Structure formats: C-alpha cells, structure tokens
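Please read the structure below before turning to the comments.
Every read-out reported here was derived from the displayed coordinates using simple, explicitly stated rules and does not represent laboratory data. Just so we're clear, the structure is a prediction, and the values are computed from it rather than from any experiment. Here the Cβ positions follow ideal geometry from the backbone for every residue, glycine too, while neighbour counts run over all protein chains shown.
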C-alpha cells in the first residue's frame with residue numbers, strides 16, 4: 001500500500017477554517033528499508049488567511065498516513081515578518097502588501 005503525505009499550513013490559530021492543504025501525495029509502494037523522496041509544496045493562498053494572521057508565528061504540519069491511519073505528524077514553526085520599516089507600536093500598514 002501507499003503512504004499518504006500531507007503538508008498543511010495553519011492559517012489561523014482561531015479556526016481550522018483557514019487551514020490550507022498545500023500538498024497531498026501518495027508515495028508507494030514503499031519497499032522495506034531506507035527510502036528517500038522529495039516533498040515540495042506551493043506557498044499558501046494569501047487571500048485565504050485572515051489579515052491579522054498574515055504576520056507572526058504559525059505552523060506548517062507534515063503528516064503521513066498508512067491505510068487511512070495517521071502515524072506521523074511533524075510541526076514546524078513559521079514566523080512571517082513584514083520587512084519594510086514600520087512603527088512597532090502601530091504595526092505594519094494595512095492592507096499588507098503581500099506581493100513581495
């Protein structure tokens with residue numbers, strides 16, 4: 001059977017409605033032993049992330065399932081920053097320029 005790998009971007013800590021599956025792929029059949037493969041994903045769709053959650057810390061989750069049973073879940077912290085100068089007390093200008 002194949003292994004199902006999924007990359008999930010957490011768009012907001014407030015609600016899973018903003019989570020985005022960035023990649024979903026089946027790998028297999030996987031022989032016994034050491035195996036390698038490359039898992040790549042596109043960036044999240046910015047318009048699907050609440051404006052207040054565009055800048056700051058979030059999580060990218062990588063999960064693996066076998067026969068529809070998840071057996072591995074790894075989380076990576078991601079810190080999205082606004083690189084142009086701004087007043088720290090006021091925050092970055094809104095709307096954010098996400099074209100950069």
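Descriptive notes on the structure:
- Reducing segment 53-100 and segment 9-26 to their Cα centroids gives an inter-centroid distance of 10 Å.
- Residue order, fewest to most beta carbons within 10 Å, for 65, 16, 47: 47, 16, 65
- Whole-number percent relative contact order across the chain, with pairs defined as alpha carbons under 8 Å at least 6 apart: 28 percent
- In nm, spacing of pseudo-spin labels at residue 47 and residue 63 (7 Å Cα→C-beta vector): 2.7 nm
- For the chain, the Cα-based Rg and Dmax, in that order, read 17.0, 55 Å.
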